[in-house]
Amino acid sequence: RHHGSMNRRFARLVLIGGSSFVVLAWIVVLSLYAAVPQINSNRPTALRGANHRLTAADRAGVETAPQTPAALPAALVTAPVAPAPVAALPPFPSKTRGAAAEFQQHYAQLSAEGRFECFDHSKSFETFAVVNDDYCDCEDGSDEPGTAACAGLPSSSLKEFSCNWEKGEGPFVHLSTVNDGLCDCCAGQDEWGSDTQCPDRCDELAAAAAKSASQAMEGSKVRQGYVSRALHLQSSRFKDRDGGPDGVFLAAAEDGCLKLNDVDFEFEVCLFDRVTQRDLKSGRKFKLGQGGEWATSLWENGQHRTDDTKLIMNHGDFCAPAHKSREVEIDFECSATPALISVQETQVCSYTARMRTPAACPSLS
């Protein structure tokens, strides 16, 4: 009995709870229905439910409604994106390693065509890949402007590697120096295929070249004064003497002798007169040369031409070990201030002197 009474009570509670839930559900439904806009509402019909039937007024509204989309909020409106400008393509492909400026366009044209033809027209290839592949295909070496593969060809049309080939300018080094393990170009461009690490010294060398050019300009200005003096000297003190270009070395000689003390010896150079060496310990003095004749160099056409950067002063004192008289070669360098830089015995009783003088500077004209 006790269990039966409990079951009846539980059943009544379930029935009451279920009825309450149903009532609550209907209240929610009715509330939602009241919240739905009526047919004459201005809100879109699509929000009224899929089973809602359109009235005549609805159809009129649909038929007369504008077909343009609703305007977006201002925050979402963005300006039309213009297409990105297309970069103009270069007229030719990238430049060819090692080639000088006058050849770059020819290489570029052949590269664009996807072929290569030797400059001497001896061979042609259906691909540009033969260029700088470190194999000498052309008899004139034109397929290897950036390697040493064709460096030994006597008929090579390309004998030099352009260090700044990307800019189409020099300086240039011989093709045989490419990838030889030595840094010949200022930034090591010639060692592009070797393991050698080359420091970039281009700025340093450019600064040195600029300084040298400035000094040369100062020397050239002094030289201009030598020119006017030389006209008189050629007809007086140094008559019939070859004073070099414009006779300027005669003016350098008139400026007097130059001396150099190197601890053991004192050297004295008097242009077109004499060169002496004095032993500072014993006081003994030797004449290393006298007079003066310009050196000559052999050119490719077989002719000997005067080299006005070197003066030979010979007929010095006799040298027993060499069985000949002593002689001196004076190498001139441009400078605004005259100076004797060094004197060395390069061979037995043969000497080389370095002298700076405005006479060695280029003419302003």
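The values are calculated or read from the model by the stated rules, or taken from the named source; none is laboratory data. Being a predicted model, the structure only gives us computed values, none of them experimental. Virtual Cβ from ideal backbone geometry, glycine too; neighbours counted across all protein chains shown. Accessible surface is based on the protein model in full, side chains and every heavy atom, while ligands, DNA and RNA are left aside. Shrake-Rupley method; radii C 1.70, N 1.55, O 1.52, S 1.80 Å.
The charge dipole of segment 113-233, taken about the Cα centre with unit charges on the Cβ atoms of Lys, Arg (+1) and Asp, Glu (-1), comes to about 1240 debye, rounded to the nearest 20.
Partner aspartates and glutamates whose Cα lies under 13 Å from the Cα of Lys287, excluding those fewer than 8 positions away in the same chain, are identified as Glu266, Glu268, Asp273, Asp279, Asp317, Glu327.
Computed over neighbours whose Cβ is under 9 Å from that of Glu144, the net charge equals -4, Lys and Arg +1, Asp and Glu -1. When peptides 161-167, 201-207 are sorted by average Cβ neighbour count within 10 Å, with the highest value leading, the order is 161-167, 201-207. Taken about its Cα centre, segment 307-365 carries a charge dipole of about 80 debye when Lys and Arg each add +1 at the Cβ and Asp and Glu each add -1 at the Cβ. Measuring from a point 7 Å past the Cα of Asp120 along Cα-to-C-beta, which residues in segment 153-179 have an amide N at less than 12 Å? Counting only backbone N, you get 153-158. Under 18 Å Cα to Cα from Lys221, which lysines show up? Leave out anything in the same chain fewer than 8 places away. Leaving aside lysines fewer than 8 places away in the same chain, those within reach of Lys221 are Lys211.
Within the shell of other residues whose beta carbon sits under 15 angstrom from the beta carbon of Asp308, the net charge comes to -3, with Lys and Arg scored +1 and Asp and Glu -1.
Site pair Arg284 and Ala101 shows an inter-label distance of 5.9 nm when each label is modelled 7 Å from Cα along Cα→Cβ.
Nonpolar atom fraction for segment 95-204, defined as the carbon and sulfur part of the 1.4 Å probe accessible area, stands at 47 percent. Of the peptides 243-253, 186-196, 208-218, the ranking by mean beta-carbon count within 10 Å, highest at the top, reads 243-253, 186-196, 208-218. Set the Cα radius of gyration of segment 219-288 against 2.2 N^0.38 Å, with N its number of residues, and you get 1.35. Placing R0 at 25 angstrom, the Cβ-Cβ distance between Glu113 and Glu300 gives a FRET efficiency of 0.10 after rounding to 0.05. When you count the other C-beta atoms within 10 angstrom of each residue and take the mean per peptide, 95-101, 317-323 line up highest first as 95-101, 317-323.
Model label sites at Asp133 and Leu364, defined 7 Å from Cα along the beta-carbon direction, differ in position by 5.8 nm.
Taking 7 Å steps out from each Cα toward its Cβ at Arg229 and Asp255 produces label points 0.7 nm apart. The GluC sites (Glu not before Pro) of segment 297-365 that DSSP puts in a loop, and whose beta carbon has at most 16 other beta carbons within 10 Å, are Glu300. About the centre of its Cα atoms, segment 157-228 shows a dipole size close to 580 debye [charges on the beta carbon of Lys, Arg (+1) and Asp, Glu (-1) only; nearest 20 debye].
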